[in-house]
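One structure below.
The values are calculated or read from the model by the stated rules, or taken from the named source; none is laboratory data. Note that the structure is predicted; figures quoted are calculated from it, not measured. Cβ atoms come from the backbone with ideal geometry, glycine included; neighbour counts cover every protein chain shown.
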Amino acid sequence: MTNDAITTQPTYYEEVLRKGYSRRDFVRFVSMMTAFIGLEQSAIGQVTKAMETKQRMPVIWLHFQECTCCSESFIRSSHPIVADILLDKISLDYTETLMAASGTQAEEALKNTMTKYKGKYLLCVEGSVPMGADGVYCMIGGKTSLQILEEASEGAAAIIAWGSCASNGCVQSAKPNPTGATPIHKIIKNKPIIKVPGCPPIGEVMAGVIVHYLTFGRIPELDKLGRPKAFYSKRVHDTCYRRPFYDAGLFVETFDDENAKKGYCLYKVGCKGPSTYNACGVMKWNNGTSYPIQSGHPCIGCSEENFWDNGRLYERGSSFAGFGIESSADTLGKVALGVTGAALLGHAVATNIGKSTFIQEHQEEGKESEKELK
Amino acid sequence: MPNKYLHVHRLRRVYVWELPVRFYHWLNALVILALIVTGFYISDPLALASSKEASATYTMGWFRYIHFAAAYLFFFNFLFRIYWGFVGNKYANWKQFIPTSKRFFKEMWTVFKIDILMLKKNGKQQDHLSVGHNAMAGFIYFLSFLAFLVQCLTGFGLYASMSGWWLPKLFAWVPALLGGDILTRQIHHWSMWFFILFAVIHVYLVFFHDYVEGRGEISSMGGGWKFIEEDVFKNDKHQTPNPEN
């Protein structure tokens, strides 16, 4: 799983220097990454050493059914070294979006990397694989996504499933899922897969996952859903700066009310923060500028599976999908309660008719006994 | 008129619901009520107008606290009831709830015909009278235990990530299995309606049985006694839904 054996490549540090960054920039980048991947300060040395001594790791970055927002997020990661070194210089032997080569040249590059670094390259996948209609919905160079994925994963050391598309299908797999969009882990079973969900995932999180893999030569610790624990173990709700308003019971009722101005909790306008595991509240977006909740918009739970089908975005999720018109659980509950009440009323009437003799006997027996007592 | 009767019934006092069963029943009723009320609040909190600083109020916090505290009581009470299904008297035994014989289903069918469709049997308006639960009731309680299980699994599953204790963490696989908290939460919310409908029907049927049978159904969950006609003892008519042993 390590890439120590590759000797023909420059190290990351060499690339950093060649790009004109100072040692200080490099150390700053390393410290930031160490913190992001959840290591203690003493591990900075370890990460630094890895970046100084380990050679460039070949990466194949495939794009299937997706919108490229993951790549966009990654290249906007807060530290320039991320884009310059991890993405631009070091990593990508093949990526449809950012490589210079095209056509047969590009396919050649892909093939070369796959054979030359067999068993050593990191395979990053952005997008879901359409399985419907024999995969014709997404074809590159005459091959279906499924064929490309199966070929590329064959010699991969590990696979990173970037974003919600590759991790859980995202909006393409929304009901009725016309293209049969399928996440990576349902197709490839014999490789370690790191899921980095989010639409898109946070750039620093993506960089952190790669740095972790570079440093330790193995995939980071994953949670039960296959996501790196360092970034996905806390709910957005638990790191939200509006949390005190939630605990106090102070909520925004509509987007233009006084409470919204005061910055109250967005729970009642559908915030999925309490159900969403991500690092938005801590890392934030665009160089730590803000994140949806800070901008006054509820979290839509974009890194959660099925967020597109599990209820409405601007309501607390209690609605049923697939009832034609979406109907809330409480509406159905109230109807069921009404029906039950009517049924019981009917039963009470039926009892008095159907069991009239029986009930009458009891009553007369009771009255008789009452008379006997002086 | 009085001469119409063959005899005035002589009733015998039968200890049906033991103290632990009654205790379980009322604690369960109380915590389920608390869970439903706080659950509704958590799902759709009231619009509060407060001039106080957020740090000085803790309304949502308290509702959630009560919900979680009641959840623990509910959970352990449920566990206790399962235990009592093995050591309690025959009316508390698990065989009253889980069908293991043909007779159980036959009795359910009888109850359905006589108590729901109001059909006569052998020309009589009432035929089968159970001392404890009838088979239909027992089976519905079994379904309600499954609903208890669903609520415990989804509830503690959601709670797992907030807790430092190993017990809730044992349920962390539930949201993982369901693909996340959003769906888990919804299942938790939908299932709650079972409890509301159950409570309504349950209370109605208690009145129904008390009214029709006149054996002290309502008060039985207070003192534990039901008053059973001597004929039942003499003719050995009484049956539990599943055969004994």
Completion exercise
Taking the stretch A:155-176 and keeping only residues that are in contact (Cβ under 8 Å) with a residue 24 or more places away in the chain and more than 17 Å from the chain's Cα centre (by Cα), one is left with A:G155, A:A156, A:A157, A:A158, A:K175
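Residue-by-condition table, conditions (1) among the polar types (S, T, N, Q); (2) closer than 30 Å to A:K234 by Cβ:
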| position | (1), (2) |
| --- | --- |
| A:R18 | no, no |
| A:Y21 | no, no |
| A:G38 | no, yes |
| A:G45 | no, yes |
| A:T48 | yes, yes |
| A:T53 | yes, no |
| A:P58 | no, no |
| A:Q65 | yes, yes |
Practice task
Considering every residue within the stretch A:274-284, establish whether at least one is of a type in the set (S, T, Y), in contact with a strand residue (DSSP E or B) (Cβ under 9 Å, 6 or more places away or on another chain), surrounded by 15 or more Cβ atoms within 10 Å (Cβ to Cβ) and at pLDDT below 80.
Solution key: no
Practice task
Can you give me the number of residues within the stretch A:21-54 that are in contact with a Phe, Trp or Tyr (Cβ under 7 Å, 6 or more places away or on another chain) and of a type in the set (A, V, I, L, M)?
Solution key: 1
Practice task
Please indicate, with yes or no, whether at least one residue in the stretch B:126-135 is within 21 Å of B:Q96 (Cα to Cα) and either basic (K, R) or in a helix (DSSP H, G or I) (or both).
Solution key: yes
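So which residues in the stretch A:191-208 are under 23 Å from A:V171 (Cβ atoms) and either outside the structural domain of A:V30 (by TED's automatic domain parsing) or of a type in the set (A, V, I, L, M) (or both)? Even if it seems obvious, please write down each step before you answer.
If we filter the stretch A:191-208 for residues that are under 23 Å from A:V171 (Cβ atoms), which is where we start, we get A:193-203, A:205-206.
Residues satisfying the conditions are A:I193, A:I194, A:V196, A:I202, A:V205, A:M206.
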Exercise for the section: Pairs only if they're at least six apart or on different chains, beta carbon under 9 angstrom, first in the stretch A:193-217 and of a type in the set (K, R), second part of a helix (DSSP H, G or I); list them, first residue then second. Expected result: A:K195/A:A166; A:K195/A:S167; A:K195/A:N168; A:K195/A:I184; A:K195/A:H185; A:K195/A:Y232
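Residues B:L11, B:L35, B:L27: which one is touching a residue at least 12 places away in the same chain (Cβ under 8 Å), within 14 Å of another protein chain (Cβ to nearest Cβ) and surrounded by 15 or more Cβ atoms within 10 Å (Cβ to Cβ)? Give the derivation first.
Details: B:L35 fails: within 14 Å of another protein chain (Cβ to nearest Cβ); B:L27 fails: within 14 Å of another protein chain (Cβ to nearest Cβ).
Checking each option against the conditions leaves just B:L11.
So, of the residues in the stretch A:353-367 that are surrounded by 14 or more Cβ atoms within 10 Å (Cβ to Cβ) and part of a helix (DSSP H, G or I), which turns out to be nearest to the chain's Cα centre (by Cα)? Before you say what the answer is, go through the steps one by one.
Step one: filter the stretch A:353-367 for residues surrounded by 14 or more Cβ atoms within 10 Å (Cβ to Cβ), giving A:354-355, A:358-359, A:361-362, A:364-365.
Subsequent filtering for residues that are part of a helix (DSSP H, G or I) retains A:354, A:358-359, A:361-362, A:364-365.
Values: A:G354: 60, A:F358: 64, A:I359: 63, A:E361: 68, A:H362: 66, A:E364: 71, A:E365: 71 Å.
The residue in question is A:G354.
Please note which helices (runs of 4 or more DSSP H) are completely contained in the stretch B:146-245 and include at least 3 residues that are more than 14 Å from chain A (Cβ to nearest Cβ), under 23 Å from the mean Cα position of the chain (by Cα) and over 30 Å from A:R227 (Cβ atoms). Don't jump to the end; show me each part of the working.
On the way: elements: B:166-169, B:173-178, B:181-213, B:217-223, B:230-234.
The helices (runs of 4 or more DSSP H) meeting that bar are B:217-223.
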Fill in the blank from the handout: Of the candidates A:G333, A:G346, the one satisfying the condition of being within 23 Å of B:L197 (Cα to Cα), facing chain B (nearest Cβ under 7 Å) and either among the acidic types (D, E) or assigned to a helix (DSSP H, G or I) (or both) is A:G333
